[in-house]
Each structure stands twice: as structure tokens, then as C-alpha cells.
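These notes are about the structure you will find just below.
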Number of protein chains: 2
Amino acid sequence: MPEPLGEFQRRMLEFIVNYIRREGMPPTNREIGKAMKIASTGHVDYHLSMLEKRGYIIREAKKSRGIKLTRHPWGIPVEGTIAAGEPIEIFSEPDQTIEVGHGVDPESSFALIVRGQSMIEDHICDGDYVVIKRQRTCENGDIVVAVHLVEGTPGKATLKRFFLEKEQVRLQPANAELEPIYIPRDEWDREWEIQGKVIAIVRHYGGPGRAA
Amino acid sequence: MPEPLGEFQRRMLEFIVNYIRREGMPPTNREIGKAMKIASTGHVDYHLSMLEKRGYIIREAKKSRGIKLTRHPWGIPVEGTIAAGEPIEIFSEPDQTIEVGHGVDPESSFALIVRGQSMIEDHICDGDYVVIKRQRTCENGDIVVAVHLVEGTPGKATLKRFFLEKEQVRLQPANAELEPIYIPRDEWDREWEIQGKVIAIVRHYGGPGRAA
DNA sequence: CATTGACTCGAATAGCCGTTCTACTCTTGA
DNA sequence: TCAAGAGTAGAACGGCTATTCGAGTCAATG
């Protein structure tokens, strides 16, 4: 999608990216000018408008440091824990987030903390974070968050591999000691819901946890 | 380390964190005032100085949007791939980074892409990213990047669990099919070097990759 | 009551910021 | 040669920003 860039503007974009990474905020036009040895702020503005026209950045007019990268890292909320052998409820972990880059859309993604060994053969361990992309459908073999809707409760969720078979849906744990759940098609349609599929996992060794 | 915060200042800090997450830059004092229904910018400045004094933020005087979080997410560079059965060289993957929050210091951390199945029993798979904290020492049982220094080459690195035994160092793969490497103490001291230990792993399912 | 500390407002100030305008130099190509 | 386009400098302008100051409120404490 992005048009190729000249050498100079490529270096300028690189400076902006590094500045944001280093300082936690975008640079001002004058700071860019100083770093790129450009004397005129109007000149910087000119190059920024080029970068914007070509889709590398988005600018907010008149705002100081009003430069955004079109692809940039974001945090997504951790919405609770999920099991395991027995389905348990997703409960909210207020304020906790994990950082994932990779173009994960924070609007349509969230994370859960895995409890138990039910996905151990897929190398998803107790304590891992799983990053879920919200979607109501999935393909065979996807690892999904499936929710059993029971009236009067918020629903019980489980993390399993999804397989659509002739007469039924099979929710397959990745642990030889655990049995898959078989659900007839009509019951599936009526009482179950896909909440999303796993697109990434994050595991921490030793460390205390995560930042806010 | 951080002193506890009053309700109001806690909400103010939360707003700042969310603003940065949402907008990619810190808010101005006026924007904070508007969001917190504070009429006076001097008033905002007062609360910010409280947050700074208590160690939650750092401010750069006179700079617009000059607020930094003391713990904030960063990207760390991906420096290459690492094996596996056979030690291979770390080669640079220019420009690639992954995002990790959790207070990982980007100055002292980097990431590698795992190739092969040598750590599979620790549930570290082919294609996973391992996040390495640079350090020259480690404790028994740590998963480390160990480099065998051979003259005239940049060194060959391997990913193993480290065990210091009576007369030797044991570098233990997590795969029953692979033999550990045993290194006499004097050879270890002379020819080997710890480059860092694994503090996190990140795995992506399906998706194409990551953003710059 | 008097004092202290935390919090709030309104106003003022000096400087920073994004943007625009004019003018100039190259290079490319018709 | 002429025109067009990209790149550069300098200056100016109006708005935005962080900071400071003086004054005031309120609750807790002595």
C-alpha cells in the first residue's frame, strides 16, 4: 500500500519512529528539522505532508506533536482467566493490559490468562496469556474461545480447538488426559457462541508481571 | 516504590495512560484539565507535579506534552534466529522489532526467533520469539543464550537450560532426543559466554508477521 | 480560634508550535 | 530555451503550552 520513499524522506520517517520509541511521544517539526539539518520549519512541514500523502503517517492539524504512525504498537486489555479442564467464567481483570505490536487491532482483540494444562500439547501453558481476536466464526483447527450460553448466567467459556464434523461440533483439548466435548449441531447453534480465536500467545518467565 | 495515590490522582494517571495508548502521544495539560473537569491549567500542573514527586511520571520542563510514564511499553529489536539441535550464528534481522510491555528495558533486551524443536518440552516451539535480557551471569535452571567463542568467528550461539555442576557446566536442551552439552569448568570460563536469559516468549498464530 | 496542608480558580507571561507565504536553486524533460 | 516539479531558506502570524503567581476554599488538628 505505501508508495516507495526517497532516501531523505525514508531517513526522516526512521527518525520519527525512533524518536517515538525513545521519547514516548512524537517529535515537533522543529525537532525534526534540527535532527535532519533542515533550517526551515516550513521545509519540515513540506516533507511531513509528503509522508502523509504517501500513507506513512497521519497528522492532526494544528496539534503539537500531531504525528501518528499508520502502523503502530498498541496494548490490549486482559479480560480474565480461562480454563482448562472445566469451563469457567471469564471475569474481568480491570486495568490490566499487555502490549502486542504486530498490527493487532486493540478494538477487536483482548487477552486471557490461561489456567490449567488443557492445551499443553499445543504448548500453551498454565499462566500464558492468549491473545484473542474477536470473531463469531472460525475454521476447522482454530483454537477458539467457545461460550456455552446458559440462561441467567453470563455464560461459561472454554479454550479448545474447533472441529466441525458431520453431525456435531467437536471441541478438542490438547491434552490426552482430557476428553473432547461433542455438541450436536442444533444445540451448538442454539446454545453456543464463538467469541474469538487465538492469534498469539505471550509467556513471561520469572518476572513479576506486567505494567499498567 | 511508588507511593499510593488518592482517588483523584489515580483517575488522572489512568486518563494519561489511556490517552497515550489511544493517541500515541501524551496529553497536554489543558487536555487533562478538560477531561478531569479542571478549570485551571495551573491546577493540572499542581497535580502533575504530585504525580511526578511520587514517581509515577517524569516531566520534561517546558516541553509540550512533556509527560513520560515511568513504566511504559517499548519495542525491542529482533536480532536473529537461534537454534536448536546445532548451534548456529546469530545474524541480524535489521529493523524488525516486537513489542513487549511489562517494563522490559529496551536497552538491555533483545529478541530472537527460535528455529527447531530443541526446547519443545519447555513449550518453546519453532518460530516462537524469545525475549532475552542481556546479562553475563545466570542461575541454575535458567534458559540462556550461550555463545561458544571460537577465534576468528563471531561466535556460535545456542539456547539451552543452564546447570552448574561439580566439575562442569551442563547445557540442557528440552528435548529427550537431544543430548546435553557438557563443558569442563576451565573450558567454560575460557571459551564460553552467557549472552542473556529468556524472560518471555511470544508466539503468533496464522498472522503474517509484525509491524515495524 | 488559629494553623496547617491539600486543593482550586483565574489571570498573566514567555516561549513553543504548526502553518503559510515569498523567493530562490536545481534537475528533468519537452 | 522554457516550464514544471522537487527541494530549500527565511520570516511572520496566530494559536497553543507549560509555568508561575496571588488569592481563595475546605477539612482536619492543635
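Would you call A:Thr137 modelled with pLDDT under 90 and under 24 Å from the mean Cα position of the chain (by Cα)? Explain how you work it out, then say what you get.
Working: modelled with pLDDT under 90: yes; under 24 Å from the mean Cα position of the chain (by Cα): yes.
Yes.
What number of residues in the range B:175-191 are open to solvent by less than 30 Å² (accessible area, probe 1.4 Å) and in contact (Cβ under 8 Å) with a residue 40 or more places away in the chain?
1
Going by the conditions given, is A:Met25 within 14 Å of DNA strand D (Cβ to nearest atom) and in a helix (DSSP H, G or I)?
Details: within 14 Å of DNA strand D (Cβ to nearest atom): yes; in a helix (DSSP H, G or I): no.
No, not satisfied.
Could you check the range B:1-17 and list, in sequence order, the residues that are assigned to a helix (DSSP H, G or I) and surrounded by fewer than 16 Cβ atoms within 10 Å (Cβ to Cβ)?
Our first condition is that a residue be assigned to a helix (DSSP H, G or I); within the range B:1-17, this holds for B:7-17.
The answer is B:Glu7, B:Phe8, B:Arg10, B:Arg11, B:Glu14, B:Phe15.
Checking the structure you have, find out if any residue of the range B:82-95 is at pLDDT 70 or above, in the same structural domain as B:Ala174 (by TED's automatic domain parsing) and open to solvent by less than 10 Å² (accessible area, probe 1.4 Å).
Just the residues of the range B:82-95 that are at pLDDT 70 or above, to begin with: B:82.
Still in the running and in the same structural domain as B:Ala174 (by TED's automatic domain parsing): B:82.
From the residues that got through so far, the ones that are open to solvent by less than 10 Å² (accessible area, probe 1.4 Å) too are B:82.
Yes, the range B:82-95 contains at least one residue that is at pLDDT 70 or above, in the same structural domain as B:Ala174 (by TED's automatic domain parsing) and open to solvent by less than 10 Å² (accessible area, probe 1.4 Å).
Rundown of residues vs (1) under 11 Å from A:Gln195 (Cα atoms); (2) in contact with a strand residue (DSSP E or B) (Cβ under 8 Å, 6 or more places away or on another chain); (3) polar (S, T, N, Q); (4) outside the structural domain of A:Thr81 (by TED's automatic domain parsing), yes/no style:
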site	(1), (2), (3), (4)
A:Lys133	yes, yes, no, no
A:Thr137	yes, yes, yes, no
A:Gly141	no, yes, no, no
A:His148	yes, yes, no, no
A:Glu151	no, no, no, no
A:Leu159	yes, yes, no, no
A:Phe163	no, yes, no, no
A:Lys166	no, no, no, no
A:Val169	no, yes, no, no
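In this structure, does B:Ile57 turn out to be open to solvent by less than 70 Å² (accessible area, probe 1.4 Å), out of contact with any strand residue (DSSP E or B) (no Cβ under 7 Å at 6 or more places or on another chain) and more than 9 Å from DNA strand D (Cβ to nearest atom)? Before you say what the answer is, go through the steps one by one.
Working: open to solvent by less than 70 Å² (accessible area, probe 1.4 Å): yes; out of contact with any strand residue (DSSP E or B) (no Cβ under 7 Å at 6 or more places or on another chain): no; more than 9 Å from DNA strand D (Cβ to nearest atom): yes.
For B:Ile57, the condition - open to solvent by less than 70 Å² (accessible area, probe 1.4 Å), out of contact with any strand residue (DSSP E or B) (no Cβ under 7 Å at 6 or more places or on another chain) and more than 9 Å from DNA strand D (Cβ to nearest atom) - is not met.
Every residue in the range A:28-62 that is in a loop (DSSP other than H, G, I, E, B) and polar (S, T, N, Q), please.
Step one: filter the range A:28-62 for residues in a loop (DSSP other than H, G, I, E, B), giving A:28, A:36-40, A:54-56, A:60-62.
Of everything in the range A:28-62, those that are in a loop (DSSP other than H, G, I, E, B) and polar (S, T, N, Q) turn out to be A:Thr28, A:Ser40.
Would a scan of the range B:27-49 turn up a residue that is within 24 Å of A:Ile67 (Cα to Cα), touching a residue at least 40 places away in the same chain (Cβ under 8 Å) and surrounded by 20 or more Cβ atoms within 10 Å (Cβ to Cβ)?
Yes, the range B:27-49 has at least one match.
Which pairs do you get when a residue that is modelled with pLDDT of 80 or more, found in the range B:141-157, comes within reach of a residue that is in a loop (DSSP other than H, G, I, E, B), reach meaning Cβ atoms under 6 angstrom, with the pair 6+ apart or on two chains?
The qualifying pairs are B:Val144/B:Cys138; B:Val147/B:Gly155; B:Leu149/B:Gly155; B:Ala157/B:Ile90.
The values are calculated or read from the model by the stated rules, or taken from the named source; none is laboratory data. Here the structure is a predicted model, which is why all the values come from computation and not from measurement. FYI the Cβ positions are ideal-geometry reconstructions off the backbone, even for glycines, and counts take in every protein chain you see. We work out accessible area using only protein heavy atoms, side chains counted, and drop any ligands, DNA or RNA first. Shrake-Rupley method; radii C 1.70, N 1.55, O 1.52, S 1.80 Å.
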